[in-house]
Amino acid sequence: MDSNNIRNFSIIAHIDHGKSTLADQIMTLTHTVDQRSAKPQLLDNMAVEQQHGVTVKAQTVTNFFIAKDNQRYALNLIDTPGHVDFSYEVSKSLAATEGVILLVDATQGVQAQTVANFNLAKAQNIKILPVINKIDSLNADVAMVKQQILELDVDFSDSDILEVSAKHGTGVENLLEEIIQRIPMPKLDHSVSGLKALVFDLSYDNYQGIIAHVRLFSGELRANQKLHLMHADKKFESKTIGIFNPNMVEKDALHAGEVGFVVTGIKETDQIRVGDTITTQSSGALEPLRGYEAAHPVVYAGIFPKDDFLTMKSALFKIALNDSSLSIEEDYSDALGPGFRVGFLGNFHLQIIRERLKSEYDLEVITTSPNVTYKVHLKNAQLLAINNPINFPDFSDIDYVEEPVVTVQITTLPETVNQVINLSEKYKGILTDLNNLSNLVQLTYDMPLSEIAYHFFNALKSETHGYATLSMGKIVYQPADIVKITFDINYSRVPQLTYLTHRIDANNEAQALVHKLKYTVPRQLYPMPAQAIIEGHVIARVDIPPIRKNAAVSGDKKSISKQQVLLRRQSLNKRKSKQLTFELPQSVFDIFLEI
Ligand code: GTP
């Protein structure tokens, strides 16, 4: 199709403002899906999304529309994820578009994620169409919401703002006309004649291998074409190519400006990454597209399979295909066997991956306590980067430790500002700026990354009833007093429970953790002490009581001396063993996520 008749756009919104409903309505109106087969929320098709009610992985669909000018247009809608932890996915999708619909709920107004998403789009310098949704609702206050939108950006004017009911379809046809009028036709790269296609998403099919979702900036893409992935420096031949409509529809060729898929035939999931540029092997482009900034993992945790290592390896790499922020390295633990050290964007991300392993691949895993990367300066002048607490050196060798500190911007409602300030102080935040927007307040803090990555995010969400958003900026390293807490259960060290924390929190956390161990470690026939140790000193201890069915107290008619022999044998046997003789369930490792 002529690129004059193509528009590439995304919808961005606060959670529940109606993004999926609008996407469905657009697909119905353009007959991409017919009314009868339209399942609610066609784009949210991952099991995890349905449980959490948020969009995690972006999906794409081409809608054909005959506009008032009697011309046929391809409107490529690139769905974006709705969770703040996934803002990197939003920027990823935006790199393939020239514009966005900024959707705002008429009953709720501009919310924290509206602002965060608006800022992402603004930073990418793409066209923003403000649209008010749910105008059918009795609680809609369109005038007030308009005012809030106008205050977001001086470039908006009253007549720019569109009004729709995604649910009933009111105003949606007009919205499509406005998309054609106001969102620019695809920007093309005229500097080259050859093919340049941006890989903005990837999916995996058991029969066809990796499917790259692409946006062409120049040239032409065909089936059975000899292609080259520029960053990965990998050669392959395209199998089939085509568009999403909404299912995969084969085409002979894709042209500059168009959005579609390439079946690569590549099966090795570690060879292709989102953000790469595809060109042709002969007379191809010399420079790859700029892509977008890759997200860097900030939290690392061990993930160990309960059953088969290889099955888990293949599942993890398939997930990593369209989740470029995951980093995966093989790891080995004496207690848990072979597994992985995986980097995440935060604890919520970790949770999502764990659930995807369960729901999409039916895999149960053990995840160990999450950690950021510390810089450890040793007395012998060596510098170590530590993201696995097991590798944290002995305190006698350490000169000083630096921890990552991040600038965070929190956007919230005025009535929750006090709670946010108290909470941020509790999590060692230092307030550096405070800004009043029309109906929202923006606070800027410097805060240890560990606080944000582990617990602050959840605490903030619960204090503000899910309202506040948090966006992370620059990370710098600053000296911090970090100590290692190790745990012994029944006098044997359990390395996988090793935990790093600030010294001033160490005592309280160690107490809390051993108390949780009391209720999560499977009881044995004998009592077992659980001890937390810092720098050679036991700082907290509880006794994990035995299960009642003890040979000596079970009421069996045995002589007292026999009972005593049994008891002694039970406890001595266990005390001698260097390693635990039983497996620890995931609930034991989860205590680190809970404190
Ligand atoms: P996330 O995927 O979690 O970000 O949500 P979303 O933004 O995709 O919202 P979704 O489309 O799931 O809509 C949220 C709720 O608002 C649903 O219950 C919809 O039925 C309702 N809704 C969406 N659009 C309209 C509308 O135009 N009018 C009314 N009254 N309700 C709407």
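The values are calculated or read from the model by the stated rules, or taken from the named source; none is laboratory data. From a predicted model like this one, the values you see are computed outputs, not experimental measurements. Heads up, the Cβs are rebuilt from the backbone with ideal geometry, glycines too, and the neighbour counts pull from every protein chain shown. Calculation scope for accessible area: heavy atoms of the full protein, side chains included, ligands and nucleic acids excluded. Shrake-Rupley method; radii C 1.70, N 1.55, O 1.52, S 1.80 Å.
Contact list please: Cβ distance under 6 Å, first residue in region 92-108 and of a type outside the set (A, V, I, L, M), second residue within 11 Å of the ligand (Cβ to nearest atom) and open to solvent by 10 Å² or more (accessible area, probe 1.4 Å), pairs at least six apart or on different chains.
Taking only residues 6 or more apart or on different chains, the pairs are Asp105/Lys134; Thr107/Lys134; Thr107/Ser137; Thr107/Asn139; Thr107/Ala140.
Each row is one residue, and each column tells you yes or no for (1) among the β-branched types (Val, Ile, Thr); (2) more than 17 Å from Tyr477 (Cα to Cα).
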{"site": "Phe348", "(1), (2)": "no, yes"}
{"site": "Ile353", "(1), (2)": "yes, yes"}
{"site": "Pro370", "(1), (2)": "no, yes"}
{"site": "Tyr374", "(1), (2)": "no, no"}
{"site": "Ile390", "(1), (2)": "yes, yes"}
{"site": "Asp397", "(1), (2)": "no, yes"}
{"site": "Glu403", "(1), (2)": "no, no"}
{"site": "Gln409", "(1), (2)": "no, yes"}
{"site": "Pro414", "(1), (2)": "no, yes"}
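May I ask you to verify whether Asn174 is under 18 Å from Leu129 (Cα atoms), among the polar types (S, T, N, Q) and open to solvent by 10 Å² or more (accessible area, probe 1.4 Å)?
yes
Rundown of residues vs (1) closer than 22 Å to Gly339 by Cα; (2) aromatic (Phe, Trp, Tyr), yes/no style:
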site: Lys358; (1), (2): yes, no
site: Pro370; (1), (2): yes, no
site: Lys375; (1), (2): no, no
site: Ile386; (1), (2): yes, no
site: Pro389; (1), (2): yes, no
site: Phe392; (1), (2): yes, yes
site: Asp397; (1), (2): no, no
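Quick check on this structure: which one of Leu460, Leu443 is closer than 29 Å to Asn418 by Cα and modelled with pLDDT under 90?
Leu460
Which pairs do you get when a residue that is among the acidic types (Asp, Glu), found in region 126-145, comes within reach of a residue that is within 16 Å of the ligand (Cβ to nearest atom), reach meaning Cβ atoms under 8 angstrom, with the pair 6+ apart or on two chains?
Asp136/Ser165; Asp136/Lys167; Asp136/His168; Asp136/Thr170; Asp141/Ala106; Asp141/Thr107; Asp141/Gly109
If you take the residues of region 143-167 that are among the small types (Gly, Ala, Ser) and either within 16 Å of the ligand (Cβ to nearest atom) or surrounded by 18 or more Cβ atoms within 10 Å (Cβ to Cβ) (or both), which of them is nearest to the chain's Cα centre (by Cα)?
Ala166
Tell me which residues, restricted to region 314-349, are in contact with a helix residue (DSSP H, G or I) (Cβ under 9 Å, 6 or more places away or on another chain) and over 24 Å from Phe200 (Cβ atoms).
Within region 314-349, Glu330, Ser333, Asp334, Ala335, Leu336, Gly337, Pro338, Gly339, Phe340, Asn347 meet the criteria.
Criterion first (in contact with a Leu (Cβ under 7 Å, 6 or more places away or on another chain) and in the same structural domain as Lys19 (by TED's automatic domain parsing)) does Gly219 satisfy it?
no
Within region 97-118, identify whether any single residue is touching an Asp or Glu at 6+ places or on another chain (Cβ under 8 Å) and hydroxyl-bearing (Ser, Thr, Tyr), and answer yes or no.
Taking every residue of region 97-118 in turn, at least one turns out to be touching an Asp or Glu at 6+ places or on another chain (Cβ under 8 Å) and hydroxyl-bearing (Ser, Thr, Tyr).
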